[in-house]
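See structure below.
The values are calculated or read from the model by the stated rules, or taken from the named source; none is laboratory data. Owing to the predicted nature of the structure, the values given are computational and were not obtained by experimental measurement. Note that we place each Cβ from the backbone using ideal geometry, even for glycine, and neighbour counts take in every protein chain shown.
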Amino acid sequence: MPGRKKLEIPVYLFMGFLESGKTTFIQDTLEEDYFNDGQRTLLFACEEGLVEYDDRLLEESNTTLVMVEDEEDFDADFITSKVLQYYPDRVIIEHNGMWMLDRLYATLEDTPLEVFQTIVTVNAETFDLYMNNMRSLAVEMFKIAEMVIINRCRADMARATWRRSIKAVNRRAQVMFEFAEDEEDVGEEDPDAALPYDMEADEIILEDEDFGIWFVDIMERPEAYQGKTITLKGHIFKSIRLPKGCFVPGRHAMTCCADDIQFIGYICHTNHARSSTIKKLKNQMWAMVTAEIRIEYNAEYGEEGPVLYAKRIEAAEKPEDELVYF
């Protein structure tokens with residue numbers, strides 16, 4: 001409703017599927033000194049999990065709990081009425097992982113609330129299950145998350161793969177791992193050991209299925225690739241918008257569903273490239289590119305990033321599966 005929004009009460013938005021640890025994490029947050037400072041907190045709980053809220057903690061942290069059973073009930077009028085009833089200094093929303101985030105954000109536009117921080121909690125034991133069966137819902141949460149906390153981890157779990165899956169859709173998300181109570185925290189995985197190619201080789205050679213892994217890893221830790229030589233197969237993208245002598249060898253990637261396919265790749269200079277099979281580089285052709293990687297400022301990125309300097313470019317057959325999956 002136009003004109004209704006006059007105040008901006010900060011909202012801490014907690015997202016995740018059932019039994020992902022949202023309630024536990026929220027209660028831990030309420031106990032922290034920086035949060036338990038006497039300010040009035042209004043907590044909307046949009047699903048009832050196995051863990052119940054501690055009434056004593058709610059009282060001590062000056063928090064009012066409002067349960068929301070149906071998505072249709074959680075509209076602007078309902079939210080605003082509770083804000084006027086309890087007059088909070090801040091709001092926590094424990095969102096239902098099966099509810100649409102687009103609807104939530106549209107609803108909040110007509111209230112005095114403003115999203116201040118977004119956190120996703122994930123149960124490591126069910127991460128793959130949800131990514132395989134409810135990928136679109138999971139990806140929508142990862143896209144807007146500032147922090148993703150994956151709990152109940154074990155040493156033998158594919159943490160590096162999970163991190164790449166999240167970073168593929170939101171490079172700015174901070175990804176944290178918490179180990180199960182009966183599991184020793186072994187710290188961060190060796191990022192090189194988790195890769196399917198040899199970072200110590202004189203020339204890193206990407207298999208067709210490795211392109212997405214490389215794309216995300218170099219985006220996350222570009223310094224590890226500074227000065228490396230790499231060989232990869234890419235779909236050639238040329239445009240008048242790119243500087244003369246530049247192209248992008250990339251792949252089409254699907255992060256969520258068929259409607260979410262996008263072209264990914266890094267800009268490549270061809271000034272000193274050799275070839276025995278290509279006289280002229282044509283748009284949309286497939287090529288095998290061997291290049292030196294330099295991490296430097298590029299005007300097309302508007303910041304520092306990976307820039308390829310081609311040494312060899314040869315014609316190539318398209319891969320068996322042209323799509324990259326995250």
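Return yes or no: is GLU47 surrounded by fewer than 16 Cβ atoms within 10 Å (Cβ to Cβ), closer than 18 Å to ILE149 by Cβ, touching a residue at least 12 places away in the same chain (Cβ under 8 Å) and in contact with a Leu (Cβ under 8 Å, 6 or more places away or on another chain)? First the steps, then the outcome.
Values: surrounded by fewer than 16 Cβ atoms within 10 Å (Cβ to Cβ): no; closer than 18 Å to ILE149 by Cβ: yes; touching a residue at least 12 places away in the same chain (Cβ under 8 Å): yes; in contact with a Leu (Cβ under 8 Å, 6 or more places away or on another chain): yes.
So GLU47 does not fit the description; no.
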- Filter the stretch 54-75 for residues that are surrounded by fewer than 18 Cβ atoms within 10 Å (Cβ to Cβ), under 31 Å from the mean Cα position of the chain (by Cα) and outside any strand (DSSP E or B) and give the result. GLU69, ASP70, GLU71, GLU72, ASP73, ASP75
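Suppose we filter the stretch 76-92 for residues that are assigned to a strand (DSSP E or B) and over 16 Å from GLN39 (Cα atoms); how many remain? First the steps, then the outcome.
First, pick out the residues of the stretch 76-92 that are assigned to a strand (DSSP E or B): 90-92.
Now drop any that are not over 16 Å from GLN39 (Cα atoms), which leaves none.
Number of matching residues: 0.
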- Message: Tell me yes or no: at least one residue of the stretch 220-232 is under 20 Å from LEU323 (Cβ atoms) and not small (Gly, Ala, Ser).
- Response: yes
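Let me confirm something: among ASP190, ASP198, ASP210, ASP259, which residue is exposed (fewer than 14 other Cβ atoms within 10 Å of the Cβ), of a type in the set (Asp, Glu), part of a helix (DSSP H, G or I) and not assigned by TED's automatic domain parsing to the domain that holds LEU137?
On the way: ASP190 fails: part of a helix (DSSP H, G or I); ASP198 fails: part of a helix (DSSP H, G or I); ASP210 fails: exposed (fewer than 14 other Cβ atoms within 10 Å of the Cβ).
ASP259 is the lone residue from the list that is exposed (fewer than 14 other Cβ atoms within 10 Å of the Cβ), of a type in the set (Asp, Glu), part of a helix (DSSP H, G or I) and not assigned by TED's automatic domain parsing to the domain that holds LEU137.
For the stretch 247-256, name all the residues that are touching a residue at least 40 places away in the same chain (Cβ under 8 Å) and assigned to a strand (DSSP E or B).
PRO249, ARG251, HIS252, ALA253, MET254
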- Query: Is there any pair with a first residue in the stretch 216-233 that is free of Cβ contacts under 8 Å to residues at least 40 places away in the same chain and surrounded by 15 or more Cβ atoms within 10 Å (Cβ to Cβ) and a second that is part of a loop (DSSP other than H, G, I, E, B) and of a type in the set (Val, Ile, Thr) whose Cβ atoms are under 7 Å apart and which are 6 or more apart or on different chains, and what are they?
  - Reply: none
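Residue by residue, here is whether (1) of a type in the set (Ser, Thr, Tyr); (2) surrounded by 13 or more Cβ atoms within 10 Å (Cβ to Cβ); (3) at pLDDT below 95; (4) under 29 Å from VAL175 (Cβ atoms) holds:
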site	(1), (2), (3), (4)
GLU19	no, yes, yes, yes
THR23	yes, yes, no, yes
GLY38	no, no, yes, no
LEU43	no, yes, no, yes
LYS82	no, yes, no, no
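Do we have THR290 as buried (at least 18 other Cβ atoms within 10 Å of the Cβ), touching a residue at least 12 places away in the same chain (Cβ under 8 Å), assigned by TED's automatic domain parsing to the domain that holds MET254 and not aliphatic (A, V, I, L, M) here? Steps first, please.
On the way: buried (at least 18 other Cβ atoms within 10 Å of the Cβ): yes; touching a residue at least 12 places away in the same chain (Cβ under 8 Å): yes; assigned by TED's automatic domain parsing to the domain that holds MET254: yes; not aliphatic (A, V, I, L, M): yes.
Judged against the criteria, THR290 is a match.
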